[in-house]
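A.B. asks: Next up is a structure, given as structure tokens.
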Amino acid sequence: MPIRLLPPALVNQIAAGEVVERPASVAKELIENALDAGARRIVIRIEGGGREVLEVSDDGGGIARGELALALAAHATSKIAVSDDLNRIHTFGFRGEALSAIAAVAHVTVTSCLSGTTQAWSIESRFGEVSDPMPAAGGGGTRIEVRGLFANVPARRHFLRSDSAEAARVTEVVSNAALANPSVAFRLESGARKVLDLAAAGDPIGRVDDVLGESLGAEPLTVIGEASNDDGTCAMITGSICRPVSMRSVSRTQRIFVNGRPITDRSLMHAVREAYRGLAEPSLQPVFVIFLQVDPSLVDVNVHPQKSEVRWRNAQWMHRLVFRSVQDALRLADLTADGAGLLATPSTHAREQRTHTREVVATTPSAITGRSVSPVSSWAPSSLDEPDRLLIAPPVRAHEVLQIDSTWIVFAEDGALVIVDQHALHERVMFEEIRARIAVDDLMSQQLLVPATADVPPEALARLEDLAPLFARLGIDVVAAGPRSIAVHAFPGFLTGRGVDAAEFVARALTNEQLASACESSEPAALRESALADVLDMMACKAAIKGGDKISPDEIARLLAARSETERSTNCPHGRPTSVRIPIAEIEKRFGRR
Ligand code: ADP
Ligand code: MG
């Protein structure tokens with residue numbers, strides 16, 4: 001074939017492929033145009049998942065009759081004029097290619113009434129052939145109707161999914177736009193069904209509640225935080241997150257916005273999930289919407305129309321901001337699991353609430369079990385090197401507390417019966433204590449007289465180098481002793497004291513699946529956070545008293561005192577609850593007293 005210039009219609013069709021992939025991408029472009037035009041209310045209507053009809057109406061500034069045809073032309077935009085404008089873009093669009101691309105692959109009608117005028121005008125484009133403007137009915141604003149998307153590009157049409165799958169993607173686009181623009185009213189209709197109908201909301205959090213409704217679960221928590229750099233640049237975070245009890249195994253809404261744009265960012269997603277670590281089973285997913293407002297110099301927003309990824313000037317700094325802010329929101333909430341399946345008293349400052357632990361009233365009759373408090377053992381709840389360190393609060397008086405089956409501790413608190421899993425709680429206490437300790441210094445280790453050795457698979461041995469600094473912080477001195485074996489020379493004393501086999505412990509850490517996947521993660525901050533928490537989990541678990549261990553009333557008292565002084569004491573490091581609270585009112589109900 002000889003070389004020739006492509007006809008404009010074909011050029012547009014090829015360009016369309018980059019902008020218009022499916023109905024959802026058309027919706028995104030049209031909504032962004034409406035927002036750029038200053039709309040206060042946007043209505044989206046689709047039929048057949050958007051491939052038959054996709055219509056976006058707005059009450060924005062409108063388009064002049066004489067410019068209707070230009071709006072559909074390639075590289076025609078009202079948003080930039082000279083090259084310098086590219087450096088101060090504050091609109092969504094600026095390339096002037098969306099409408100022309102859509103018009104190349106569909107039948108498009110633009111009806112608009114320029115603000116300040118009374119007559120609306122309409123033009124039609126059939127796969128790029130544009131009609132003259134005709135007078136039309138309609139008030140202020142613009143309506144763009146797209147029919148028969150990809151009718152002239154069968155390959156594209158075949159690539160589309162079912163109507164409901166396409167409609168779902170359109171819904172996601174609309175809900176993202178609604179989340180990012182709370183002051184604009186949005187409505188989405190799919191066929192005869194009203195999918196979204198959102199009045200203008202006063203603030204982003206109110207909009208999140210409207211859009212997500214039930215899926216955030218009861219009493220969602222508000223995230224708020226900020227961080228700044230020496231050069232004056234700063235980042236702010238607001239958002240709404242679910243309580244750990246509302247986490248589910250299927251991942252639902254998890255969204256992050258940067259300066260009003262939804263982004264996908266694995267590292268920040270990880271930061272949010274990591275903040276939930278230890279508050280629920282690891283397989284469960286949180287529901288969250290996070291808004292980041294950052295200094296433009298801190299982020300490179302990739303300007304390709306379809307890409308939602310950004311590049312951070314300092315990804316670790318952002319990770320930390322998100323992680324800390326979400327963690328704080330969770331920390332300030334009272335997350336004690338409720339035995340009756342209801343939520344515990346919501347949003348009271350956790351510390352204020354927990355102080356009541358120390359004023360337990362003796363209302364728990366020992367007749368519940370018929371068992372008496374178990375005899376004293378030699379175990380001391382604080383097993384690090386300062387046995388009394390946990391004794392910060394005056395202990396609960398032991399006679400008000402019961403140990404059942406050498407496993408459960410039962411007492412009354414704040415009008416509820418509380419059942420504590422002694423192993424889970426002690427595991428959390430140990431976890432936080434070790435973590436606090438290594439924030440200050442390496443853990444104390446004990447030199448082993450004879451190095452302890454164990455066999456490990458070569459791929460696990462390969463992780464040793466990455467993990468050596470981490471092990472050193474944790475008081476573990478371990479080296480490779482051959483192609484498939486390790487030798488542990490030093491190990492924390494409190495673990496040896498609990499009869500933990502040093503070599504076996506390290507071998508298990510090296511073959512731990514979560515640790516292995518953390519090592520493969522490319523984000524160094526992520527690796528450090530998760531790997532550390534994983535090994536801490538293992539240590540705390542080994543060091544903690546077990547279910548079935550008999551402990552003295554004094555030890556129980558100390559453990560319960562630690563409960564009120566320990567962060568996240570409502571859940572063990574694996575996320576299982578440490579305690580369950582059954583409101584007395586619930587008990588009364590079961591006895592038919594209410
Ligand atoms: P861009 O948004 O990049 O400028 P588009 O092809 O999306 O390019 O739109 C071309 C032009 O059409 C815009 O610059 C704007 O002037 C006009 N336009 C499109 N949609 C609307 C709308 N809903 N209201 C007002 N003007 C619009
Ligand atoms: Mg545009």
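The values are calculated or read from the model by the stated rules, or taken from the named source; none is laboratory data. As the structure is a prediction and not an experimental result, all values here were calculated from the model. Glycine gets a Cβ as well: all are built from the backbone with ideal geometry, and neighbour counts include every protein chain shown. When the accessible area is computed, the model is the full protein with side chains, heavy atoms only, and any ligands, DNA or RNA have been set aside. Shrake-Rupley method; radii C 1.70, N 1.55, O 1.52, S 1.80 Å.
A.B. asks: I need the shape label for the range 180-319. Rule: rounded when a/c is under 1.5, else prolate if a/b > b/c, else oblate, with a, b, c from the alpha carbon gyration tensor.
C.D. replies: Since a/c reaches 1.5 but b/c is at least a/b, the shape of the range 180-319 is classed as oblate.
A.B. asks: Residue separation times 0.36 nm, minus the C-alpha to C-alpha distance between residue 407 and residue 117: what's the value?
C.D. replies: Length gained, residue 407 through residue 117: 96.6 nm.
A.B. asks: Find the relative contact order for the range 204-328 and round it to a whole percent, using C-alpha pairs within less than 8 Å whose residues are 6+ positions apart.
C.D. replies: About 29 percent, as a whole number.
A.B. asks: Can you bin the range 82-189 into rounded, prolate or oblate? Criterion: square roots of the alpha carbon gyration tensor eigenvalues sorted a ≥ b ≥ c, rounded for a/c under 1.5, prolate for a/b above b/c, oblate for the rest.
C.D. replies: Verdict is rounded for the range 82-189.
A.B. asks: Please list, or write none, the lysines whose alpha carbon is within less than 19 Å of the alpha carbon of residue 550, excluding same-chain residues fewer than 8 places away.
C.D. replies: The reachable lysines, counting only those whose Cα sits under 19 Å from residue 550, are 542.
A.B. asks: What nm distance separates the two modelled labels at residue 192 and residue 585, each placed 7 Å from Cα along Cα→Cβ?
C.D. replies: Simple spin-label model gives 4.3 nm for this pair.
A.B. asks: Keeping all protein chains in place and using 1.4 angstrom, which order do 511, 171 fall into by accessible surface area, from largest down?
C.D. replies: Solvent-accessible surface, decreasing: 511, 171.
A.B. asks: Can you pull the one-decimal nm distance between simple spin-label points at residue 511 and residue 199, each 7 Å off the Cα toward Cβ?
C.D. replies: Result: 6.2 nm between the two label points.
A.B. asks: Okay, moving on. log10 I(q)/I(0), Debye, Cα-only the range 8-198, no solvent, q = 0.09, 0.12, 0.17 Å⁻¹?
C.D. replies: Listed by q, the Debye log ratios stand at -0.30, -0.54, -1.13.
A.B. asks: On to the next question. For the pair residue 229 and residue 151, how long in nm is the line joining their label points, each one 7 Å along Cα→Cβ?
C.D. replies: Calculated label separation equals 5.1 nm.
A.B. asks: Please work out how much length the chain gains when fully extended from residue 466 to residue 136, using 0.36 nm per residue of separation minus the C-alpha to C-alpha distance, in nm with one decimal.
C.D. replies: Answer, rounded to one decimal: 111.9 nm.
A.B. asks: Could you state how much accessible area residue 10 has, in square angstrom rounded to the nearest 10, with a 1.4 Å probe and all protein chains kept in place?
C.D. replies: Taking all protein chains as shown, residue 10 has close to 70 Å².
A.B. asks: If you don't mind, there's one more thing I want to ask. Taking 0.36 nm per residue of sequence separation and subtracting the Cα-Cα distance, how much length would be gained by fully extending the chain between residue 300 and residue 84, in nm to one decimal? Before the final figure, lay out each step's value.
C.D. replies: Working: separation 216, 0.36 × 216 = 77.76 nm, distance 1.79 nm.
Here the segment from residue 300 to residue 84 would lengthen by 76.0 nm.
A.B. asks: Which value, in Å², gives the accessible area per residue of the range 8-198 when a 1.4 Å probe is used on the protein heavy atoms?
C.D. replies: Ligands and nucleic acids excluded, the result is 46 Å² per residue.
A.B. asks: Can you list the aspartates and glutamates whose alpha carbon sits under 13 Å from that of residue 546, skipping same-chain ones fewer than 8 residues off?
C.D. replies: Straight-distance partners of residue 546: 405, 421, 427.
A.B. asks: May I ask you to list the lysines whose Cα is less than 27 Å away from that of residue 28, ignoring any residue fewer than eight positions away on the same chain?
C.D. replies: Reachable lysines: 79, 194, 307.
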